[in-house]
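Peer 1: Dropping the structure in here first, questions after.
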Amino acid sequence: MPKVSEAYLEARRRQILEAAARCFARDGFHRTSMQDVVRESGVSAGLVYRYFTGKDEMIAAIVADWHEQRRTRLAEDPAAAFLGLLRSVGDPTARDDARLGVQVWAEALRSPEILALVKAGIDGPRAAAATVLNGDDTAARVLVAIYQGLVLQTAWDEPVDHDAFARTVETLLPHLIRIRS
């Protein structure tokens with residue numbers, strides 16, 4: 001039997017995670033069964049279990065992937081990346097991500113493992129923001145809260161003009177930096 005490439009294995013893993021994310025966004029973690037994920041992914045149950053032992057492992061993988069993507073974006077130009085992140089929350093294709101993100105935050109209250117992942121994903125960007133804000137962790141927490149608040153409003157289907165939101169935040173950033181100097 002020929003050996004399967006790493007790219008093929010990663011594509012299958014991604015297929016399963018994307019299916020799980022769709023199910024979780026639509027029905028929540030606790031109402032989604034592994035059979036729902038199998039059906040949504042279009043692969044066999046055996047293949048799903050080859051990659052993941054259960055839903056908690058899928059949630060952890062989704063969160064880790066999100067944080068890695070954001071970490072990469074924020075490393076280049078933190079202020080521009082933050083504003084881009086705020087704008088991207090309004091992308092219609094990101095609606096499920098907003099719903100899923102809120103559920104992940106709720107799940108973090110129940111699961112110490114998910115809480116550790118969520119905090120790890122926030123702590124790095126928050127520390128980087130604090131550096132830009134002359135070491136002010138409180139101001140950095142305000143920026144995290146701005147992002148989380150926008151995600152929550154978007155998940156609730158509030159009519160939010162994400163570009164206007166980002167422009168407003170952009171006008172606030174220099175004041176935060178200047179005030180902290």
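The values are calculated or read from the model by the stated rules, or taken from the named source; none is laboratory data. Note that the structure is a prediction, hence the values are computed from the model and not measured. Note: areas computed on protein heavy atoms with side chains; ligands, DNA, RNA excluded. Shrake-Rupley method; radii C 1.70, N 1.55, O 1.52, S 1.80 Å.
Peer 1: Considering only protein heavy atoms, with the full assembly of protein chains and a 1.4 angstrom probe, order 95, 141, 39, 12 by accessible area, largest first.
Peer 2: 39, 141, 95, 12
Peer 1: What Kirkwood Rh does the chain have if only Cα atoms enter the pairwise 1/r average? Answer in Å.
Peer 2: About 17.8 Å, per the Kirkwood formula over Cα pairs.
Peer 1: Springs between alpha-carbon pairs under 10 angstrom, Gaussian network model over the chain: which of 101, 46, 121 fluctuates most?
Peer 2: 46
Peer 1: Next question. May I ask you to give the solvent-accessible area per residue for the chain, in square angstrom, as obtained with a 1.4 angstrom probe?
Peer 2: Accessible surface, normalised per residue, equals 57 Å².
Peer 1: Rg and Dmax of the range 72-172 over Cα atoms: what are they, in angstrom?
Peer 2: Cα only, the range 72-172: 13.6, 37 Å (Rg, Dmax).
Peer 1: Alpha carbons only, please: Rg and Dmax for the range 118-181, in angstrom.
Peer 2: Taking only Cα atoms of the range 118-181, I get Rg and Dmax of 12.7, 38 Å.
Peer 1: Report the dimensions of the range 61-130 along its three principal axes from the alpha-carbon atoms, largest first, rounded to Å.
Peer 2: In descending order, the Cα extents are 34, 29, 18 Å.
Peer 1: Okay, next question. From largest accessible area down, sort 172, 47; use a 1.4 Å probe on the protein chains.
Peer 2: The residues order as 172, 47, largest area first.
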